[in-house]
1. Could you give the nm distance between label points at B:S6 and A:D125, where each point is 7 Å from its Cα heading toward the beta carbon?
2. Pull up all non-local amide H partners of B:V188: gap of 5 or more, or a different chain, and H-to-H distance under 5 Å with H placed in the peptide plane.
3. Take the alpha carbon atoms of region B:92-212, find their radius of gyration, then divide it by 2.2 N^0.38 Å using N residues; give the quotient.
4. Mean Kyte-Doolittle of at least 0.5 plus a Cα span of 18 Å or more along the axis: flag which DSSP H helices in chain B meet both, please.
5. Within 10 Å of each residue's Cβ, count the other Cβ atoms and sort B:V214, B:V195, B:V270 from fewest upward.
6. How do B:T260, B:T72 rank when sorted from fewest to most other Cβ atoms within 10 Å of their own Cβ?
7. Which whole-Hz couplings ³J(HN,Hα) result when phi for each residue of region B:192-203 is put into the Karplus expression 6.51 cos²θ - 1.76 cosθ + 1.60, θ = phi - 60°, listed in order with x for Gly and Pro?
8. Can you run phi through the Karplus equation (6.51, -1.76, 1.60; θ = phi - 60°) for region A:9-19 and list ³J(HN,Hα) in whole Hz, with x for Gly and Pro?
Amino acid sequence: MTADVLSLTINGQRREVVDALPGESLLFVLRERLDLAGSKNACEEGECGSCTVRVDDELVCSCLVLAAAADGCSVTTVEGLADASEGSRLADVQQAFLDAGAVQCGFCTPGLLMAVDALLEDEDDPDDLMVREAVSGNLCRCTGYGRILEAINLAAASRRAAGEQGVTP
Amino acid sequence: MTIATSIDDACAAMKAKPDALVLAGGTDLMVEVNRGIRPINDVVAVGRIPEMRGWSREGARGEVLRIGAGTTCADLTEPTIASLVPALAQAARTVGSPQIRNSATLGGNLATASPAGDTLPVLAALEAEIELRSVEGIRRLPLDEFVVGVKDNALVPGELIVAVRVPVLDGPQEFLKVGTRNAMVIAVASLALVVDRFGKTVRVALGSVAPIPVRAIEAEVLVAERLDFDGEVPPDSDLVDQFAGLVADAARPIDDHRGTAAYRRHAVMVIAGRALRRAFPGSSKVVE
Ligand SMILES: Cc1cc2nc3c(=O)[nH]c(=O)nc-3n(C[C@H](O)[C@H](O)[C@H](O)COP(=O)(O)OP(=O)(O)OC[C@H]3O[C@@H](n4cnc5c(N)ncnc54)[C@H](O)[C@@H]3O)c2cc1C
């Protein structure tokens, strides 16, 4: 029953999975086989966005990615946002979510961080519509989104400021 | 598990493993796999076939656009598609969320053949041709022969959708979709309207109001006779109302958890009128 060895580059590190069964999603493999529990499992049908990751740079729901089909791909999860080489320095989006108080239960936060990080890569000064569109695939049941939208503006501002100073976020 | 990198690869694998599931973006298939209602033993993944992504112009004057079946909804919103086939870009833009659009493919939307598939009314209005490939060769089917029922298509085992051909028309196009919110919504009713200024025709197709996309032929005939295709004079409200009524008559909606048949018929009437007005706003020089 076991599938072949699955090889993934996760947050820059090569990882091999030998025990995945056919049909396992990338989300399942991340959480249950690689101990990366940052990506959350809720709906398993792409509606909630809490499992959002990047696969070869594309923002996707990891619950809808068949792990075996991602063999050889490069995956970035929420664990890969903060810069490990700089101690525990949080990424700009993470810091902004903290500063704006945009985290309540925290379940949706990892997916939102991934979506916002992707948005800010494309748009350094997104308007309100772009922001709402960018997080339209991420559900939050606690905050009512107000603080989240604030956090996104804060993150955008801090990334612009860092850009002006020539610092990579 | 086969991760195909060419169409030939994929077709050979499908021939060798007739029970294998074809996997593109996974946004329909994986939902079923996760729910445990789709047993998955073998898979032919077609998401990494470069020749199935992107588009090219065909014909002496580039009058046909051939779009690879592996093109994602996100790619379909790009400026080239938005200018050559605006209604298709508009429809792709309404699919799911950014995450879903990055994965979901045109071929997957077609193969799933859901009554609510957002690209289907657009492809019906454009009279798209679907190109299929297998080890036996190529088949080309018009959309109305490809989508044959609720979630039912004309694919035979071993056959892959490789591309879709649509005409590049001179004239405005509209796609409208009714649902409970803007993002992440399955259409309660949808409508595509395309205008061919050169051929002086208007084509209208509806989604989510019948088992398969339906054309509103009587409405098309009515407006073709009475519209000012140069767009100087907008259709008067009488014509808009008659048109909208005829479009609504073409719908064959049902009651379900997303809406009643009566609501759907009404919604179709509203979006039909709106689409016609948007397509023919009239020139500002004309005083009514
Ligand atoms: C949260 C969410 C929101 C959604 N919102 C919308 C929406 O707003 N509008 C909408 O229309 N749809 C929506 N969908 C449905 C889905 O995203 C689309 O139908 C999508 O286009 C499917 O494409 P895919 O590449 O992901 O297909 P897959 O899931 O990979 O495949 C779907 C089916 O098509 C077959 N298939 C795929 N490619 C081919 C091919 N080239 N040749 C032959 N068979 C093939 C597969 O075998 C499978 O049976 C949504 C789905 C989710 C999960």
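1. Result for the modelled spin labels: 4.9 nm.
2. The answer is B:V178, B:G179.
3. 1.07
4. B:237-250
5. Going from sparsest to densest Cβ surroundings: B:V270, B:V214, B:V195.
6. Least crowded to most crowded, the residues run B:T260, B:T72.
7. Values, residue by residue: 10, 10, 10, 10, 10, 5, 5, x, 6, 10, 10, 10 Hz.
8. With the stated coefficients, region A:9-19 comes to 9, 10, 6, x, 10, 6, 10, 10, 10, 9, 10 Hz.
Rule-based calculations on the coordinates, nothing more; no lab input. None of these values were measured; they are calculated from a predicted model. Methodologically, a virtual Cβ is constructed for each residue, glycine included, from the backbone with ideal geometry; neighbour enumeration extends over all protein chains shown.
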